[in-house]
Structure formats: structure tokens, C-alpha cells
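J.: Before we start, here is the structure in question, set down as C-alpha cells.
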Amino acid sequence: MKKIRSVSALLFCLLAASIACAQSPPRPDIVLRGTITGKQNHTYEMVPFDVPSGIVALTVTFHYTGHEQRTTIDLGLFDPQRFRGWSGGNKSTFTVSESNATPSYLPGPILPGTWKLILGVPNIRPGATSQYEADIYFARQDGEESFTDQPLRNGPAWYRGDLHMHTAHSDGSCLSQSGRKVPCPVFLTAQAASERGLDFIAVTDHNTDSHEDALRELQPYFDQLLFVPGREITTFWGHANLFGPTQFFDFRVGDTTTTRTLFERAEKLHAILSINHPNAPTGEECMGCGWTPQQQFDPRLVHVMEAVNGGDEDGPHASISFWEKYLDQGLRVTAIGGSDNHNAQIPAGKTNAIGRPETVVYADNLSVPSLLDAIRKGHVFVDLSASRDRILDVSVTDNQQMAKMGDALAAPANSTIAISAHLVACQGLLLRFLLDGQPVHALQTNIQQTEQVLALTLKADGKKHWLRPDVVTPEGRLVLLGNPIYLNYTESRE
Ligand SMILES: [Zn+2]
Ligand SMILES: [Zn+2]
């Protein structure tokens, strides 16, 4: 059972993955009930409640009776030291946390001690009474935070997104109204992603989590574009995107902290830490960009890697060969992609434009926990062409089990592996399979229709292999990069 979070019943049930939970929404940690009478018109009631230590976010949900008599109760909040915001009568629920808060409220530490809910009474008629209830939910640190309390879309599907981009909160810049280069607001990033038909993005400013307050504000407006909490952990020995948590994550690899420590901490948080552009050069040109961790670094800690950065398979940051070296060591590592966009105004489809490349994820629904879960499992392909509709869906069976990209399949010697590839919007391109990195001639076929299912077979030799699909142009340029199916891997992934 996961920790109780400040989320709605729906998402909570989704996280707890329990059918019983569907009937039992999360219980508030504190319920404040009271009565406001006509005598309290034009006054403020301060309602205290205690917050224990170890809380990283709190959510207040407020209801009251008497609306039909025009009774109105406004809301505000003080923490033990200072004012934390006022939403008047415009919000019945709000969240405050260290890095982000619902608009009207201020992010900041969730200090233990006595907090006060401010109930302002702009109108209650003489003789009238109103019963109110404030439900308060506490959240403890969790690696799968979200700015929305329910999935933006239900049902399993391929969801497309961009997992690497920068804004004004680090080194993202764009042109202002009068054409000056200025720090680029988060809104432009979200708008560009939305116009390109993306379903999710992770804004990954360097080391900071200050962009999360903007995302908290933007999420209700962008109700078809899920924001995955992210940041680029930027060290002198390599960069890695952290997906999931919104709290401070110490990036200062140095004398006492190693790269290994970062991965162990991420694992403990149930967060994803994905190595970025590992093949990039390191030096004065791009400081700390290449992956050069200290010698004691254990590659088995890596479960996700940005194999495609900026949309080019052969640019300076291209890292498919680096990723495949990990696969050659027998490791199961999900390849993802990210634009590494630093300017939301780069036109669609250009190198480093938002959405080039896209990471396309087969998830149970459009929510942070489902997306991260599917990425961990490797149910992912990367679309280098920034299309809105290309699909590469591969499943294999040895007649006993079925496996999809990212899964393992027991493939005993002499068994026949049947491959089924479902392709959408890939006509004129070529589907090919790589076995341990080498193209298999018998597993190469032209794609002729807008939507097509291709069937292929492979004789198993009973040995450990990784088999992955690609879609390429007739000239051999990579269009879609598929994740491997792992043959005869005995160890479990997680
Ligand atoms: Zn980087
Ligand atoms: Zn970056």
C-alpha cells in the first residue's frame, strides 16, 4: 500500500491498484467542522489545525451550507509563521507544497505546528446559520507527484510526449514581444507542446524545481496535456532527468555524494532517473554533458536512458550506440527521447523543437503513475519524425507467452517466435529488426499501407538476446526506434 497522498479518490485508487479501494476514497487526515451564524457577518474566523513533521504538501477541500440564502464563506491560510494565501470564494480546494501551490497560495515549506484556515464571511443573513467542513489531506514524500488529481484520459493507449525541455527557470530563452532575447515563460512551452498534439511533457529545468509552481497553475487549463514533474539533474560528471518527485533533490555530486548515491536515492523515492545524452562531448563546449561517472558506478542502476536527444540519430548528442552497449551487457534499459528544447519558439519539426523527438508510451491511462510505470517496463518507442500519428506496436509469442517491447520472453531452443508488428502511418518505410544490434535480413519488410499488421517468424536458439524493431526510410534514416524484447532473460526487471 502506498503512502496517503493529497489526491482524489480516483487517482488514489489507481495508485493503490486495489478494487476495494474504488469504494473507499482516501480519508482526510483532519476534518474541521463548525457553524457560522448571522452574528459573524463581516468577520474572520481563524480555525487552527496541527500539521505533523514529515509533511511535504497539504490539500484543503472546503464545503459549507446556506448557498441558497446567499451565505458566502471565503478561504485563506496561515502557516505557523506567515500568510500563505487567500482564494476568497473562488476555490473550494487547493494544495500547498514546498515547490508549488494552487494559484492564490504561496509555495514554501510545510512547517510542523499550528496552521490556521482563515474563514472570511462577506455575507450571512441575520438569523441564518451555515455548517462548514474543511477536509485536510497530508502528503508525504512520494516519487510520483502530479498536478492533477485524476488521469487526463482514461484507457490504455499510446500516449505521445516530450520528456526533456528547458524554460525561463533555467537556460531556456526566446524572443519577447519586442524581439529581445528573454527567459522563456513556461506557458509558451506548454502551448507549443499542446499545438503539436502531445499528450504529456516533462519540463526539466536544471537542478531546480521552481518551474513546478507554473505547472501547477497551467495544468487545469491544459487539461489535455499532462505535466510530468521533472528536472535535469546536472552534475559535473553527467546529466540525468529525474521524473516523478517535486521535492528538492540534491544534485551536488562531489566529495561525499557520488553518481551512485543519486540513483540509490531516486530508487528509494520510486522515481525514474534517466541518463541524458550520454554520448555528448564533455569539456568547455558542453560542461558535464557526457556520461563520465566515477569508476565505482554500477551500470545496473540505470533503467532508463535518453537514446535520442533533439531528434537526430547522428547529431553530437546522439546516444543510441551508448544505449546499445548497455543492452550488450545484458542490462534491460528503456530507451526514451527528449527534444532538450531551450526555446519554445523553434518551429515544429526542427532539431531540438518541442516534440522532436517524441517518446511514445503505451500506458494504462494518461496519468503520472501510469506513464512512469510504462516507461519502467519499456513499453515505449521513440518517434524521431515528430509525427502526430505514427505507431510501432510489436508483440512476440513463443506460443506459451506473449511479450511486448520492454518485456522478457522465454524462448526455448528450436521454438518458433512469432512476431506481430502493428504499424500506423508508416507506409513507404521499412520495418527491420536488430538481434543483439545486428539487422536480421529475414526480419526486414516494406510497409505498404497506412495501417498494417505484419507477421514474421524467428527460430529461437535458447540463448539470451535482445531483439528490437526500428522503422527506417528506404535510405536507412531512422524514423521510429523501438525498445527491445528480451529473449531468455531470467532475472526480473525490478
Ligand atoms: Zn543536459
Ligand atoms: Zn537539457
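Laboratory data are not the source of any read-out in this text; all were calculated from the coordinates shown. Bear in mind that the values here come from a model prediction, so they are computed numbers and not experimental data. Methodologically, a virtual Cβ is constructed for each residue, glycine included, from the backbone with ideal geometry; neighbour enumeration extends over all protein chains shown.
J.: Need the C-alpha centroid separation for the range 264-314 versus the range 40-87, integer Å.
T.: Result: 44 Å between the Cα centres.
J.: Can you give the % of DSSP beta bridges in the range 141-388 that are antiparallel, to the nearest 5?
T.: Of all bridge pairs located within the range 141-388, approximately 65 percent are antiparallel.
J.: Would you list which lysines come within 20 Å of Lys116, measuring only between C-alpha atoms, while excluding same-chain residues fewer than 8 positions from it?
T.: By straight Cα distance, Lys116 reaches Lys91.
J.: With the radius of gyration and the Kirkwood radius both derived from the Cα set of the range 390-494, what is their ratio Rg to Rh?
T.: When Rh is taken as the Kirkwood radius, the ratio is 0.96.
J.: Then there is this: Just to confirm a number: summing +1 for Lys and Arg and -1 for Asp and Glu over residues other than Trp466 whose beta-carbon lies under 9 angstrom from that of Trp466, what do you get?
T.: For residues surrounding Trp466, the net value is 0.
J.: Turning to a different aspect of this structure: Would you calculate the convex hull of the Cα atoms in the range 433-477 and tell me its volume per residue in Å³?
T.: 90 Å³
J.: With a ≥ b ≥ c the root eigenvalues of the C-alpha gyration tensor of the range 141-388, is it rounded (a/c under 1.5), prolate (a/b larger than b/c) or oblate?
T.: rounded
J.: According to a simple spin-label model (label point 7 Å from Cα along Cα-to-Cβ), what is the distance in nm between Asn399 and Lys459?
T.: Each label point is offset 7 Å from its Cα along the Cβ direction, giving 1.5 nm.
J.: Setting aside same-chain residues fewer than 8 positions from Lys325, which lysines have a Cα under 22 Å from its Cα?
T.: Lys377, Lys404, Lys463, Lys464
J.: Okay, moving on. Counting DSSP beta bridges in the chain, what percent are antiparallel, to the nearest 5?
T.: Approximately 85 percent, going by the DSSP bridge assignments.
J.: Further question: Calculate the FRET efficiency for Arg27 and Arg252 from the Cβ-Cβ distance with a Förster distance of 45 Å, rounded to the nearest 0.05.
T.: Efficiency, rounded to the nearest 0.05: 0.70.
J.: Right, something else. What are the aspartates and glutamates whose alpha-carbon lies under 17 Å from the alpha-carbon of Lys39, with same-chain residues fewer than 8 places away excluded?
T.: List returned: Asp74.
J.: A further question follows. Calculate for the chain the 222 nm mean residue ellipticity that helices alone would give, adding -39,500 (n - 2.57) per DSSP H run of length 4 or more and normalising by residue count, nearest 500 deg cm²/dmol.
T.: -3000 deg cm²/dmol
J.: Turning to a different aspect of this structure: Which length gain, in nm to one decimal place, applies between Thr129 and Gln69 when the Cα-Cα distance is subtracted from 0.36 nm times their residue separation? Write down the numbers at each step before the final one.
T.: Numbers: separation 60, 0.36 × 60 = 21.60 nm, distance 0.95 nm.
20.6 nm is the gain from fully extending Thr129 to Gln69.
J.: Now for a separate question. Taking the range 376-443 on its own, what percent of its Cα-Cα pair distances exceed 15 Å?
T.: Of all Cα-Cα pairs in the range 376-443, 62 percent lie more than 15 Å apart.
J.: Sorted from largest down, what three extents in whole angstroms do the Cα atoms of the chain have along their principal axes?
T.: Extents along the principal axes: 85, 53, 45 Å.
J.: Rounded if a/c is under 1.5, else prolate if a/b beats b/c, else oblate: with a ≥ b ≥ c from the C-alpha gyration tensor eigenvalues square-rooted, which is the range 19-123? Kindly include the intermediate steps, with their values, before the conclusion.
T.: Numbers: a/c = 1.85, a/b = 1.26, b/c = 1.46.
Verdict is oblate for the range 19-123.
J.: Cut-off is 10 Å between beta-carbons; in what order do Phe187, Phe94, Phe227, Phe236 appear when sorted fewest neighbours first? It would help to have the intermediate numbers written out before the result.
T.: Details: Phe187 16, Phe94 22, Phe227 26, Phe236 11.
So the ranking, lowest neighbour count to highest, is Phe236, Phe187, Phe94, Phe227.
J.: Further question: Under unit Cβ charges (Lys, Arg +1; Asp, Glu -1), what dipole magnitude, rounded to 20 debye, does the range 141-388 have relative to its Cα centre?
T.: Approximately 220 debye in magnitude.
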